[in-house]
1. Can you compute the equivalent ellipsoid semi-axes for the range 107-198, i.e. the square root of 5 times each eigenvalue of the Cα gyration tensor, sorted largest first and rounded to whole Å?
2. Once you've got the Cα coordinates, tell me which of LYS124/LYS177; LYS102/LYS124; LYS50/LYS177 are over 27 Å apart.
3. Residue farthest toward the positive end of the dipole of the chain, with Cβ of Lys/Arg at +1 and Asp/Glu at -1: which of GLY106, GLY204, TRP121?
4. How big is the shadow of the Cα convex hull of the range 1-87, averaged over all directions, in nm²?
5. Ordered by residue, what ³J(HN,Hα) values in Hz, to whole numbers, does the range 168-178 give under the Karplus form 6.51 cos²θ - 1.76 cosθ + 1.60, where θ = phi - 60° and Gly and Pro are x?
6. May I ask you to derive the relative contact order of the chain, considering only C-alpha pairs under 8 Å and at least 6 residues apart, and to give it as an integer percent?
7. Could you list which residues have their amide H under 5 Å from that of ALA135, counting only those 5 or more apart in sequence or on another chain, with H placed in the peptide plane?
8. Distance between Cα centroids, the range 56-78 to the range 83-137: provide it in whole Å.
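The values are calculated or read from the model by the stated rules, or taken from the named source; none is laboratory data. On a predicted model such as this, the values are computed, not experimentally measured, just so you know. We place every Cβ from the backbone using ideal geometry, glycine too, and count neighbours over all the protein chains shown. Heads up: the accessible areas ignore ligands, DNA and RNA and are worked out on the full protein's heavy atoms, side chains in. Shrake-Rupley method; radii C 1.70, N 1.55, O 1.52, S 1.80 Å.
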Amino acid sequence: VQAPDLARIWPQLSGQLDSHGSIALVGNNPSTQFALQARDLQFRDYGIGKLDARVDMDDATRTGKASLEATEITFARQLAFAQVSAEADGSLLAHTLQLKVKSPYGEATIAGNGELAKDVWQGKLQTVLLHPVGAGTWQADGIWQPRIGVNGVSLQRACVTQAQARACTTLAWRNDKWQADATFAAIPLHALQALPPSGLEYSGSFGGSVQ
């Protein structure tokens, strides 16, 4: 499918789209490939400068690889993410995954594995690295275990640490209701240098909880 001007298909949507797929039959190992490229996508106040996605499947084993990369993602015509890239390898039932995000507020890298059973996805994220602007590097203390299903979303107690500092949270969404708890310990004020008014110097640390 080639659409050099999406506005001709849908006036509220602009940009370019190019997608193609193929099915190969080699002996007893059929395979499927699909690729999509989009440029300068804009829908109302949301936009994506560049989008590339690819899926390669081994139909016999029902396993494969998928990748996605998007740049210049804007919300309300303001840059929200400079780059988002994601990769997955395996099957829907058991797979590895990696996500990298770059934004004006910092960078994040998340990696681990996941399983899908009875319409519920259970993740085990062994790598969580956060690089907020001006706040150094924060890393996961233990495995993060998000759970996503048709009836709700949850994240068991998940923490990130930097030296003696620690920030933890638990999240749950069910029946259109959110619940979140967070605790902070020994957070250095200089880690928040980019948030308070500029031109001042901060020292010390703080802790607390939010519910």
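1. On the way: eigenvalues 155, 49, 24 Å².
Over the Cα atoms of the range 107-198, the ellipsoid semi-axes are 28, 16, 11 Å.
2. Numbers: LYS124/LYS177 24 Å; LYS102/LYS124 22 Å; LYS50/LYS177 34 Å.
Check vs 27 Å cut-off fails for LYS50/LYS177.
3. Value: GLY204.
4. Details: hull surface 25.0 nm².
Mean shadow area of the hull around the Cα atoms is 6.2 nm².
5. 10, 8, 10, 10, 7, 9, 7, 6, 6, 10, 9
6. 8
7. none
8. 13
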